[in-house]
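The values are calculated or read from the model by the stated rules, or taken from the named source; none is laboratory data. Computed from a predicted structure; not experimentally measured. Glycine also receives a Cβ, built like all others from the backbone with ideal geometry; neighbour counts cover every protein chain displayed. Only protein heavy atoms, including side chains, enter the accessible area calculation; ligands, DNA and RNA are left aside. Shrake-Rupley method; radii C 1.70, N 1.55, O 1.52, S 1.80 Å.
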Amino acid sequence: MTDRRHTLDDLASSLGLSANTVSRALRGKDGVGEATRQRVLDEAERVGYTTPRAGSTAPHLDAVALCIPSLTHPFASEVAAAIETGVRAAGCALEVFATNEDPQQEERIAQQLLDSRPGGVITIPVHAQSSCWQRVGETGTPVVTVSRELDCVECDFIGVDSEHGAYVATRHLLGDGASSILYLDEELAIGTIAARRRGFERAMDPAESRAQVRMIPTRRYENAGSQWRAQEGYRACLDALRGGDEFDAVLCGDDFFALGAMRALAENGRRVPEDVRVVGYGDLPFAEWLTPSLSSVALPVRLIGELAVANVLQRIGGSISAPSRRLIRAELVVRSSSG
């Protein structure tokens, strides 16, 4: 018989082993006992199976690809660190790609993965209509999305319940006495931003308080470098102050925006929290070191990364369960900036 008649899955089934174990044994990787390795090699020789050569369409089950928006984005970099730890603990290699929020770059990466065929893919898509991941999934490569859902692909998804996070933060400000809230967030068509906006509007709906919204034009496509964006929040808050907007609280969709807003408020004689309360989103490390310390919505980033690894490894191992969708709730950390 030829290797066209015997796939890696066939070999694994006949030996009663996982496809991942068989792949590692054939490739001489660590984590496989010598007795098991010899069993695999003997069975491969008996049935005439040969390890696929470079350029073959067979998947490399001991490799996982990670595709993220940016290597410097706080959420993406932290979730990547958690994913790397989990993938390497499983004995797999990790390939990391960055889209820089560019749909064309994302398409190129997906095409590269169609050629290289990793065992599985974990991705934060550029947007919900990123159809390139459907093509990757159709080859049998499991795709797990993180943070942003795909409209056109049935695959596992793990993300933050952003709507709930913004809702809780808004209700906190209202409950602490705010009567007019300025909401600052990025103007970008992705699901997490839309969910935060829904959470804010839902929390404000039954309130007699006034809501003001300023969406900050995104510059992500213009700059693939540092994600330092405090100046955007600074300018947006300054515009609101100079425009005569009256508000006694600011809710930001990003801790960097909150940092800039606090600077604008200080320069205009507005004290935080005595005159204006401020809440950020993301709970970045600098939040607790500001004066006053910044209240913020802390995201379960490491847990999301760990769950993504667990999902993709289960799929690589042959799981055929229905695609799962998990939203993990964030936690509001109340500090001095919101009273």
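Test of understanding: among ASP185, ASP176, which residue is open to solvent by 10 Å² or more (accessible area, probe 1.4 Å), touching a strand residue (DSSP E or B) at 6+ places or on another chain (Cβ under 7 Å) and in contact (Cβ under 8 Å) with a residue 24 or more places away in the chain?
ASP176
Kindly list the number of the only condition in (1) touching a helix residue (DSSP H, G or I) at 6+ places or on another chain (Cβ under 8 Å); (2) in a loop (DSSP other than H, G, I, E, B); (3) farther than 30 Å from LEU61 by Cβ that fails for GLY260.
(2)
Can you tell me how many residues within the stretch 304-339 are in a helix (DSSP H, G or I) and either without any contact (Cβ under 8 Å) to a residue 60 or more places away in the chain or not aliphatic (A, V, I, L, M) (or both)?
Looking only at that region, the number is 8.
Can you name the residue in the stretch 23-61 that is open to solvent by less than 30 Å² (accessible area, probe 1.4 Å) and within 30 Å of GLN104 (Cβ to Cβ) and is also modelled with the lowest pLDDT among such residues?
ALA58
So which of GLY119, GLY159, GLY165 ends up being within 30 Å of SER337 (Cβ to Cβ), in a strand (DSSP E or B), open to solvent by less than 10 Å² (accessible area, probe 1.4 Å) and not acidic (Asp, Glu)?
Only one candidate qualifies: GLY159.
Those residues that are open to solvent by 20 Å² or more (accessible area, probe 1.4 Å), in contact (Cβ under 8 Å) with a residue 60 or more places away in the chain and under 16 Å from GLY339 (Cβ atoms), I need them from the stretch 258-298; list them, please.
The answer is MET262, VAL272, PRO273, ARG277.
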